[in-house]
Amino acid sequence: MASSETKTHRIGSDTPFYAALIVISGMYLFLLVAMLMANAAFLVSGAGEPTISEEWSQANPWWAKVIDNPVGAALADPNIQYAIYLSLVSCTISTILSLWVSVPLGYLLSRHEFFGRNLLDAILDIPIVLPPLVVGLSLLILFQYMPEYVRESVVYQVPAVVLGQFVVASAFAIRTMRATFDQIDSRREQVALTLGCNRFQAFGWVILPELRPGLLTAATLAWARSLGEFGPLLVFAGATRGKTEVLSTSVFLELSIGNLNGAVAVSFVMIAAAIVVLIITRIWGSRDLTL
Amino acid sequence: MIRIENLKIRAGSFRLGPLSLELSTGEYGVLMGKTGSGKTTLLESLCGLRPIENGRITLAGRDVSGLRPGERGIGYVPQDGALFPRMKVRDNMAFPLIIRKCPKPQIEKTTSELAKQLGIAPLLDRFPTNLSGGEQQRVALGRALSFRPQLLLLDEPLSALDEMTRRTMYDLLKTVQTQSGVTTLHVTHNTDEAEYLGDVSFQLQNGQIVTGKRPDRPQETCQGAEVPTQ
């Protein structure tokens, strides 16, 4: 009886399984690509007013296409130029700061069992789970308790931009560095200790060279987070044109004055930066570290 | 020589000891025990990587129980070799000497001599990632021996190797150990390995070292008095 039962057992097709996979993934992928394509289409359709003379554009039709579009116009705006400059500088500084914090914290969490580790772990997630505006508000409140000269040189000034970006970016950098340390065999470090190293030497000679892909991934993630940071900055640094205006602030400011073209143009600059970051991470970063 | 007296180790809820063990200078000791019996834990404690609760470890007349791992003069070869992947074989082997700030010519000399002895001279400029399991273990052995330790600890160094490689490694281990005269404690669960290599064998059972006897086979072949030539 048993053998005849095995004979008659038929296995259903695997096609529905793969079909479901492909359909669901495909729908989401379509949404992402469509978003980007819509942006591009909006810009190419040239909804904005011409920024260069008629004759010139007829003489150089291809150059005119490149320059005479909302992105070109946005890039020519000194406020936007300042926002690009401030974004690049502030994101880079906050990235470097978050790496300084994430390496020791990531190491501590990955390598050591200690009292209160779970609590520390939870605390480090605060910037990720808190609503962005609340992060900004909390920073603002914190600085109310600071001496006046500190408060005046930070709040609604450029340092607030960096600090706002740093708080959130670090949380992501720490997660990445922790995962990086988790992947590096602690046995190597222990062997280095038996071979005559102190902790510092073991770290510097053996662990640090292996950190490179993880550091790069953490850096690009932190940088990308910083570039997109908006909520904390709006509350803590303000949105003053030409002063604390970063690219995400520009999008907000352009939208608030009804300049959809400008907003899309600035978004496009940010999309370009994000794509560059994505490519860097994919090529040189660690493939196994994702968030 | 190494003497372990009433060593007690606690790792979480796992307890080991009190353990006592003694190996004379130049002896090859084999420590056997089932998986989970605490062999690796014991080795880690000997290296100083794991704190001990009680007891004393004396190495060549010096109490090393309280010393930091790097000050004990113990060469440790873990199961997977744990080579440094971003360093060439040459630098892996020279690592303890670089840390000790030995002069360059001396490092060169020691490294190339050891490499020749271990049969890995052609591999010196390669990175460990591309080496076979047997080659990796040779490099790890070279790295652990380069600073002339008082004691060599091998944690199942051959368990990941195929049968053929294992046989050649037996001979290599035996030759190198005899030539360098380093006291060796080799952890394994392979009876073959224990019989072939060990001058003295120990059994770790239920947190105790139950036997510490010499195998029945003729003693003179494994005392290191004669240097095998092959």
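The values are calculated or read from the model by the stated rules, or taken from the named source; none is laboratory data. If you're wondering where the values come from, they're calculated on a predicted model, not measured in any experiment. Note that we place each Cβ from the backbone using ideal geometry, even for glycine, and neighbour counts take in every protein chain shown. Remember, those area values only see protein heavy atoms, side chains included, never the ligands or the DNA or RNA. Shrake-Rupley method; radii C 1.70, N 1.55, O 1.52, S 1.80 Å.
Any idea which of B:GLN117, B:GLN150, B:GLN179, B:GLN106 is touching a strand residue (DSSP E or B) at 6+ places or on another chain (Cβ under 6 Å) and open to solvent by 50 Å² or more (accessible area, probe 1.4 Å)? Lay out the reasoning, then the answer.
Values: B:GLN117 fails: touching a strand residue (DSSP E or B) at 6+ places or on another chain (Cβ under 6 Å); B:GLN179 fails: touching a strand residue (DSSP E or B) at 6+ places or on another chain (Cβ under 6 Å); B:GLN106 fails: touching a strand residue (DSSP E or B) at 6+ places or on another chain (Cβ under 6 Å).
Just one listed residue meets the conditions, B:GLN150.
Would you say B:THR25 is hydroxyl-bearing (Ser, Thr, Tyr) and within 14 Å of chain A (Cβ to nearest Cβ)?
Numbers: hydroxyl-bearing (Ser, Thr, Tyr): yes; within 14 Å of chain A (Cβ to nearest Cβ): no.
No, not satisfied.
Mind listing whichever residues of the stretch A:179-225 are within 9 Å of chain B (Cβ to nearest Cβ) and among the basic types (Lys, Arg)?
Of everything in the stretch A:179-225, those that are within 9 Å of chain B (Cβ to nearest Cβ) and among the basic types (Lys, Arg) turn out to be A:ARG187, A:ARG188, A:ARG212.
Which of the residues belonging to the stretch B:120-136 are open to solvent by 10 Å² or more (accessible area, probe 1.4 Å) and in contact (Cβ under 8 Å) with a residue 24 or more places away in the chain?
In the first step, residues of the stretch B:120-136 are kept if they are open to solvent by 10 Å² or more (accessible area, probe 1.4 Å); the result is B:121-127, B:129-133, B:135-136.
Residues satisfying the conditions are B:LEU123, B:LEU124, B:ASP125, B:ARG126, B:PHE127, B:THR129, B:LEU131, B:SER132, B:GLY133, B:GLN136.
State all residues of the stretch B:133-179 that are farther than 17 Å from B:LEU31 by Cβ, in a loop (DSSP other than H, G, I, E, B) and hydroxyl-bearing (Ser, Thr, Tyr); if no residue qualifies, say none.
Matches in the stretch B:133-179: B:SER146 only.
Being assigned to a helix (DSSP H, G or I) and closer than 30 Å to B:LEU46 by Cα is true for just one of A:PRO159, A:PRO209. Which residue is that?
Details: A:PRO159 fails: closer than 30 Å to B:LEU46 by Cα.
The match here is A:PRO209.
Within the stretch B:38-81, which residues are under 22 Å from B:LEU141 (Cβ atoms), hydrophobic (A, V, I, L, M, F, W, C), within 13 Å of another protein chain (Cβ to nearest Cβ) and assigned to a loop (DSSP other than H, G, I, E, B)?
Within the stretch B:38-81, B:LEU49, B:VAL64 meet the criteria.
Would you confirm whether any residue within the stretch B:64-73 is closer than 22 Å to A:VAL191 by Cα, in the same structural domain as B:SER201 (by TED's automatic domain parsing), modelled with pLDDT under 90 and touching a Lys or Arg at 6+ places or on another chain (Cβ under 6 Å)?
Yes.
Only one of B:ARG15, B:ARG90 is of a type in the set (Lys, Arg), away from every other protein chain (no Cβ under 13 Å), touching a residue at least 24 places away in the same chain (Cβ under 8 Å) and open to solvent by less than 70 Å² (accessible area, probe 1.4 Å). Can you tell me which? Full working, then the answer.
Values: B:ARG15 fails: open to solvent by less than 70 Å² (accessible area, probe 1.4 Å).
That would be B:ARG90, the only listed residue that is of a type in the set (Lys, Arg), away from every other protein chain (no Cβ under 13 Å), touching a residue at least 24 places away in the same chain (Cβ under 8 Å) and open to solvent by less than 70 Å² (accessible area, probe 1.4 Å).
Taking helices (runs of 4 or more DSSP H) that fall entirely within the stretch A:83-145, which contain at least 3 residues that are in contact with a helix residue (DSSP H, G or I) (Cβ under 6 Å, 6 or more places away or on another chain)? If you could, list the steps in order and put the result at the bottom.
Working: elements: A:117-124, A:126-129, A:132-144.
By residue number, A:132-144.
Here are some residues: A:SER110, A:SER94. Which one is buried (at least 16 other Cβ atoms within 10 Å of the Cβ), at pLDDT 95 or above and either over 24 Å from A:VAL251 (Cβ atoms) or hydroxyl-bearing (Ser, Thr, Tyr) (or both)? Let's see the steps before the verdict.
Details: A:SER110 fails: at pLDDT 95 or above.
None of the other options fit; the residue is A:SER94.
Within the group A:ARG187, A:ARG117, A:ARG199, which residue is basic (Lys, Arg) and crowded, with 16+ Cβ neighbours inside 10 Å? Can you show your working first?
Numbers: A:ARG117 fails: crowded, with 16+ Cβ neighbours inside 10 Å; A:ARG199 fails: crowded, with 16+ Cβ neighbours inside 10 Å.
Only one candidate passes the filter, namely A:ARG187.
Considering each of B:ILE52, B:ILE74 in turn, give the residue that is out of contact with any Phe, Trp or Tyr (no Cβ under 9 Å at 6 or more places or on another chain), of a type outside the set (Ser, Thr, Tyr) and under 28 Å from B:ASN130 (Cα atoms).
On the way: B:ILE52 fails: under 28 Å from B:ASN130 (Cα atoms).
From the options B:ILE52, B:ILE74, the qualifying one is B:ILE74.
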